[in-house]
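Take a look at the structure set out below.
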Amino acid sequence: MRIRIDNGRVLDPSTKRDGIYNILIEEDRVTKIAAGCTDPADRVIDAKGCYVMPGLIDLHVHFREPGFEYKETIATGARAAARGGFTAVCPMANTNPVIDSPEMVSFLLEKAKKESPVKILPIGSVTKGLLGKEVTDMAAMKAAGAVAFSEDGKTVMDAAVYRKGLQQAAAIGAVVMDHCEDMDLLKESVMQEGTPAEARRVSGVSHASEDLITARDILLAKETGARLHLCHCSTAASVWMAGEAKKQGVALTAEVCPHHFTLTYEDIPEGDTNYKMAPPLREKKDVEALRTALKNGVLDAISTDHAPHSAEEKARPFPQAPNGIVGSETAVALTITELVEPGILTPMEMAEKMSFHPAQILGLETGMLAEGRIADITILDPNAEYVIDKNKFASKAKNTPFHGRKVKGKVLYTIVDGKIVYAAEEEQ
Ligand code: DOR
Ligand code: ZN
Ligand code: ZN
């Protein structure tokens, strides 16, 4: 199969190529990038006015299989990812059973082979059963195909156990993805503390819940030499610490999610659990700090923390509803609307944060759009304006705070290994 993509704005962070070109794909590879190329192809895509990027890579999703298939399955999560422009995703380990053994990693990969249109890169847990006590056999999980390790959803509160986990990860050169939340400070809190929490008479948590663990784990990473990746940074202090640690040469990378650079706690409509996630929405000064950190490179990646939950679960009162929102199908639009349109990120920087850097963080050979590379490609129209409609989501779950929001930026095609796995034109 040969596909030609004509007249798109090709953005390749690996070569810094940014210009209008035609791209030829043969089988699973990009074989030619040249202006005006007219080589014959079975399918020609007109990408005039579109960005053509290396396939987007989401470092942080929750597919609920095994154990919570009523929220999402690998098949539905992967379809949502493809619709969102992602060619590869990293599902976190907080399933039931937990992804804490090579057998569980193999289970995910086997399922993915049969059911997923996008690449599934499993993340193994740091401790057995996510219980925070006994470190897993990371080497065995890595051999089975785990690309990184994380306790996401929780923090390992016993610093001695976490230190052991980081030492083990350092020994095998693996990245540890860090969910920073002090579980003791958190207790029953359900949102950021301050006026909105007081008005709603719910208990709030301070910035320190995130910042204490960020500080602790940066120190542990420095000591153990482990590669630490900070998940979903949401506070001004966490990105300040990340910047200082990077200056000191700590092997640190950091991500941010669209909801954290878009919304503040003031935006939460009373009782609307689609605005409840961990870490919580913060203050305007935090959002500003996150945007600055995206611009100056302290934040390396944009990930979604796609966290599907059922309508019944999210219909509970705010304090009892589970944390998390879906993100796969809104990330591109929010990044274009909130960051690229206002000039905070260039289109090239968007390609870096959503594809090139995630690939580099995991040591993948993808995330590049150059001759000879694997043809994982995302084509999006940055000028398409529309209103986000959760009823169109491919995800099983609809728990988004962005339903009804007017945005710019639409994914038109997602191509994995030279095959079109999503085409907007085929949707009604
Ligand atoms: O909001 C969140 N939801 N944050 C997490 O860390 C976990 C996730 C989930 O699993 O639902
Ligand atoms: Zn998390
Ligand atoms: Zn998460």
Legend entry - Accessible surface of region 301-428, 1.4 Å probe, proportion on carbon and sulfur as whole %: 47
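How large a share of the accessible area of region 193-252, in percent, is made up of carbon and sulfur atoms when the probe is 1.4 Å and the other protein chains stay in place?
Values: 1410 of 2530 Å².
Exposed carbon and sulfur together represent 56 percent of the surface.
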Inset, instruction - Measure nothing fancy, just the Cα-based angle from helix 284-296's long axis to the longest principal axis of the chain, in degrees from 0 to 90, nearest 10. - result: 50
Inset, instruction - Starting from the Cα of N383, move 7 Å in the Cα-to-Cβ direction to define the label point; list residues of region 339-361 whose amide nitrogen is under 18 Å from there. - result: 340-343, 347-348
Inset, instruction - Could you tell me the distance between the Cα centroids of region 286-329 and region 19-35, to the nearest Å? - result: 35
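Quick check on packing: order 25-34, 302-311 by the mean number of other C-beta atoms within 10 Å, highest mean leading.
Output ranking for 25-34, 302-311: 302-311, 25-34.
Would you list E255, E115, E288 from the most to the least accessible area, probe 1.4 Å?
Sorted by accessible area, descending: E288, E115, E255.
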Legend entry - Binned Cα-Cα distance frequencies in the chain - 10 Å width, integer %: 5, 23, 33, 27, 10, 2, 0
Legend entry - Cα long-axis angle, helix 74-83 against the chain (0 to 90 degrees, to the nearest 10): 60
Inset, instruction - Please report how far the C-alpha centroid of region 217-238 lies from that of region 358-403, rounded to the nearest whole angstrom. - result: 26
Inset, instruction - Can you tell me the dipole magnitude for region 1-134 around its Cα centre, using point charges on the Cβ only (Lys, Arg +1; Asp, Glu -1), in Debye to the nearest 20? - result: 240
Inset, instruction - Could you order K284, K119 so the one with the most accessible surface comes first? Probe is 1.4 Å. - result: K284, K119
Legend entry - Cα-centre dipole for region 114-212 with unit charges at Cβ (Lys and Arg positive, Asp and Glu negative), debye to 20: 440
Inset, instruction - Out of all DSSP beta bridges with both ends in the chain, state the antiparallel percent to the nearest 5. - result: 55
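The values are calculated or read from the model by the stated rules, or taken from the named source; none is laboratory data. This one's a predicted model, so the numbers in the text were calculated from it and none came from an experiment. Glycine gets a Cβ as well: all are built from the backbone with ideal geometry, and neighbour counts include every protein chain shown. When the accessible area is computed, the model is the full protein with side chains, heavy atoms only, and any ligands, DNA or RNA have been set aside. Shrake-Rupley method; radii C 1.70, N 1.55, O 1.52, S 1.80 Å.
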